[in-house]
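Worksheet for the structure shown next.
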């Protein structure tokens with residue numbers, strides 16, 4: 001099966017919560033903001049590839065960036081706010097890495113201040 005057909009044959013297309021479902025956000029996993037949002041609002045996945053990014057993304061950022069630039073991908077950033085659509089250049093992770101790469105010493109100054 002060609003890759004374009006494979007991505008079109010999505011096993012999960014949407015998660016829609018029931019109309020009378022109550023989400024207790026004090027109980028795990030609903031304490032995780034992105035999960036709570038998913039349980040409250042649901043999520044409909046557009047055709048193609050959906051990439052979820054957030055903290056703990058080291059190791060996958062190069063792959064995500066390459067895919068995002070090559071294919072113009074629907075990125076969803078997960079964080080304390082829940083889930084939100086985001087452009088690659090606006091991801092918190094990407095902004096932090098760019099600042100670090102631009103001036104790594106500014107990140108290390110606290111470590112070496114007393115030496």
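Label sites at residue 87 and residue 27, each approximated as a point 7 angstrom past Cα along Cα to Cβ, lie 4.2 nm apart.
Once the Cα-Cα distance is subtracted from the 0.36 nm per residue extended length, the residue 50 to residue 13 segment shows a gain of 12.3 nm. In this simple spin-label model, placing a label point 7 Å from the Cα along the Cα-to-Cβ direction at both residue 108 and residue 96 gives a separation of 1.9 nm. By the beta-carbon count within 10 Å of each Cβ, the least crowded to most crowded order of 106, 92, fewest first, is 106, 92.
Every read-out reported here was derived from the displayed coordinates using simple, explicitly stated rules and does not represent laboratory data. Fair warning: this is a prediction, and the values are worked out from it, not measured in the lab. Virtual Cβ from ideal backbone geometry, glycine too; neighbours counted across all protein chains shown.
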